[in-house]
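What follows is a short report on a single structure.
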Amino acid sequence: MSEDEEGNLKLIVRNWEDLKVISAYSQDSIVTVKDITFLKKNRIFIMIINRFMWEDIERGINRQSKRIRCALKFEGILKVKSKKINQKNKNKRLECLAIEYNEILSKNNEIIFFFAGGGVITLISEFIEAVMYDLGKPWNVRHTPKHKI
């Protein structure tokens, strides 16, 4: 994990443990369907999210809730599947709940994004290699996501 000169987050993912960290950072992020792309020829999956900055709240640095644009880029992606996501509705907003991982029989990997309302995106990849990095500056938001335990 590192931060650039603006304090923006940059994470490199190479295994399941790293993926758990990205899952935590992307919890409660909002993504618009038009900001999800699979570059099939390049075998790259990209998702631009509005990430809720839980780390500021938890560190007590900033009592004001903030979001920041953030890029998630996965390499070595062979296939992308989705369930309960209308891809024609480009302006539909999805709330990311978690990212999970499974190794499948063919020695490939499944990286699964779970969204509120039952939406799922599954990436089939040869290996785990991804980056997560913040873009630009954060902005204040009125609401802090709340969870029922």
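Taken together, the values in this text are just the output of simple stated rules run on the coordinates, not laboratory data. This one's a predicted model, so the numbers in the text were calculated from it and none came from an experiment. With ideal geometry, Cβ positions are generated from the backbone for all residues, glycine too; neighbour counts draw on all protein chains shown.
Values computed for the structure shown
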{"quantity": "³J(HN,Hα), Karplus 6.51/-1.76/1.60, whole Hz, each residue of region 123-139, x for Gly, Pro", "calculated": "9, 9, 10, 6, 7, 9, 8, 8, 9, 10, 8, 6, 10, x, 10, x, 10"}
{"quantity": "Packing-based exposure ordering (other Cβ within 10 Å, fewest first) of Arg69, Arg14, Arg51", "calculated": "Arg14, Arg69, Arg51"}
{"quantity": "Lys/Arg +1, Asp/Glu -1 at C-beta; the chain dipole; positive extreme among Asn86, His143, Ile104", "calculated": "Asn86"}
{"quantity": "With at most 15 other Cβ atoms within 10 Å, longest stretch of the chain clear of loop GluC sites (Glu not before Pro) (DSSP)", "calculated": "7-125"}
{"quantity": "Only Lys, Arg (+1) and Asp, Glu (-1) charged, at Cβ; the chain dipole about Cα centre in debye", "calculated": "960 debye"}
{"quantity": "GNM flexibility winner over the chain from Leu78, Leu39, Leu11 (Cα, springs under 10 Å)", "calculated": "Leu39"}
{"quantity": "Acute angle (nearest 10 degrees) that the helix 16-26 long axis makes with the longest principal axis of the chain, alpha-carbon atoms", "calculated": "50 degrees"}
{"quantity": "Residue-span extension gain [Lys137 to Ala24] - 0.36 nm each, minus C-alpha spacing", "calculated": "38.7 nm"}
{"quantity": "D (Stokes-Einstein, µm²/s), Kirkwood Cα radius, region 7-137, 1.567 mPa s at 4 °C", "calculated": "86 µm²/s"}
{"quantity": "Long pairs among Lys40/Lys146; Lys10/Lys34; Lys41/Lys146; Lys84/Lys146; Lys107/Lys146; Lys66/Lys107, criterion Cα-Cα beyond 32 Å", "calculated": "Lys40/Lys146; Lys41/Lys146; Lys107/Lys146; Lys66/Lys107"}
{"quantity": "Structure-based [θ]222 nm, the chain - -39500 (n - 2.57) summed over DSSP H runs of at least 4, per residue, nearest 500", "calculated": "-3000 deg cm²/dmol"}
{"quantity": "Computed FRET value (nearest 0.05) for Lys90 with Glu17, which takes r as the C-beta separation and R₀ as 41 Å", "calculated": "0.75"}
{"quantity": "Fewest-first ranking of Trp16, Trp54, Trp139, using other Cβ atoms within 10 Å as the exposure measure", "calculated": "Trp139, Trp16, Trp54"}
